[in-house]
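Before any comments, here is the structure.
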Amino acid sequence: MIFTNLLYQLEAETGILTITINRPDKLNALNAATIEEIRAAAQQALEDPAVRGIILTGSGEKSFVAGADIAELTKLDEVSARRAAERGQEAFALLEKSSKPVIAAVNGFALGGGCELAMACHMRVAAENARFGQPEVNLGLIPGYGGTQRLTQLIGKGKAIELLLTADMVKADEALRLGLVNHVVPQAELLSFCKQLLTRILTKAPLALGLCLDCVNAYYDKDRHGYQTEAESFGRCFSSEDFREGTSAFLEKRPAVFSGK
Ligand code: COA
């Protein structure tokens, strides 16, 4: 697929895909077309065996994503807005449910839909200039792309309610203290840090990585039983080539070479 609102760059040697939301003149605000492209890019990445891990970032040095496109929101009514929220939720859920690790490299403002997009990723690394917030109540709105749910999961009910109700922006160091981000690094080192983190993760058994992500997701899914999912997944590892390779490599005192099978 040809993308017009994002850059889709796959590094062949490492299997690291970088998706860059690319509307810098609008601080990478998410219009409906961009949401659609995020969904399509995520789907394409999940289906492509050459993609092993994903970094999601924003174009420029000022903004990751400054929210849903406010100009476009003014054209929606009750029915179309609900549909837009569902489409956004579906797109972001693809990232969250990905069996390949997804890291948000937050290079500036992550507001509204931007904070929601970052929270749908498995991990978040913030540049020192990053700012997080859910300012929707300033506009007579609430988050629609999973923000009320994932913010509560990540930082707990009390703080989530405070951020949602005050629309306050938090700086990167405060986001780190709250558990909203995993690391804070200088802007110039953001992408290289994310690549190093992902590269380290990608030396591990791919099947096990995907199962870990799925088990953690099961905790937050009311229709699934987390401990049962974990036990089943643990069992599944034992019929994998990766398990045989990982244990043999340990006993033979050599690095493991995993096939992902
Ligand atoms: N939707 C649409 N356009 C947006 C946008 C959004 N969420 N956020 C920024 N833009 C546009 C601005 O309209 C402006 O466009 P213009 O140059 O054509 O006028 C451009 O991006 C630059 O933004 P600007 O506001 O001039 O930058 P700033 O540095 O003064 O302020 C922010 C940066 C992020 C504080 C400010 O843009 C902002 O508050 N954005 C909205 C955040 C928000 O409420 N998000 C939730 C939406 S539900």
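The values are calculated or read from the model by the stated rules, or taken from the named source; none is laboratory data. The model shown is predicted, which means the values in this text are computed figures rather than measured ones. Methodologically, a virtual Cβ is constructed for each residue, glycine included, from the backbone with ideal geometry; neighbour enumeration extends over all protein chains shown.
Give Ser239, Ser233 a once-over and let me know the one that is without any contact (Cβ under 8 Å) to a residue 40 or more places away in the chain and either in contact with a Leu (Cβ under 7 Å, 6 or more places away or on another chain) or under 10 Å from Phe258 (Cα atoms) (or both). Break it down stepwise before answering.
Details: Ser239 fails: either in contact with a Leu (Cβ under 7 Å, 6 or more places away or on another chain) or under 10 Å from Phe258 (Cα atoms) (or both).
Only one candidate qualifies: Ser233.
The residues listed here are Leu76, Leu56; of these, the one that is modelled with pLDDT of 95 or more, aliphatic (A, V, I, L, M) and over 26 Å from Leu178 (Cβ atoms) is Leu76. Restricting the first member to the stretch 131-148 and to residues that are assigned by TED's automatic domain parsing to the domain that holds Arg82, and the second to residues that are surrounded by fewer than 16 Cβ atoms within 10 Å (Cβ to Cβ) and assigned to a loop (DSSP other than H, G, I, E, B), the beta-carbon pairs closer than 6 Å and six or more apart or on different chains are Pro135/Ala167; Glu136/Ile142; Val137/Ala167; Asn138/Ala167. Out of Ala218, Ala160, one residue alone is in contact with a helix residue (DSSP H, G or I) (Cβ under 8 Å, 6 or more places away or on another chain), without any contact (Cβ under 8 Å) to a residue 40 or more places away in the chain, of a type in the set (Gly, Ala, Ser) and in the same structural domain as Ala104 (by TED's automatic domain parsing). It is Ala160. Taking the stretch 1-19 as the range and being of a type outside the set (Ser, Thr, Tyr) and either without any contact (Cβ under 8 Å) to a residue 40 or more places away in the chain or touching a helix residue (DSSP H, G or I) at 6+ places or on another chain (Cβ under 8 Å) (or both) as the test, the residues that pass are Met1, Ile2, Phe3, Asn5, Leu6, Gln9, Glu11, Ala12, Glu13, Ile16, Leu17, Ile19.
Would you mind stating whether Cys237 is on the phi < 0 side of the Ramachandran plot, outside the structural domain of Glu86 (by TED's automatic domain parsing) and of a type outside the set (D, E, K, R)? Yes: the conditions hold for Cys237. Yes or no: Gly140 over 22 Å from Tyr220 (Cβ atoms) and not hydrophobic (A, V, I, L, M, F, W, C)? Judged against the criteria, Gly140 is a match.
Of Ala12, Ala84, Ala40, all but one fail to be within 16 Å of the ligand (Cβ to nearest atom) and assigned by TED's automatic domain parsing to the domain that holds Gly144; the exception is Ala84.
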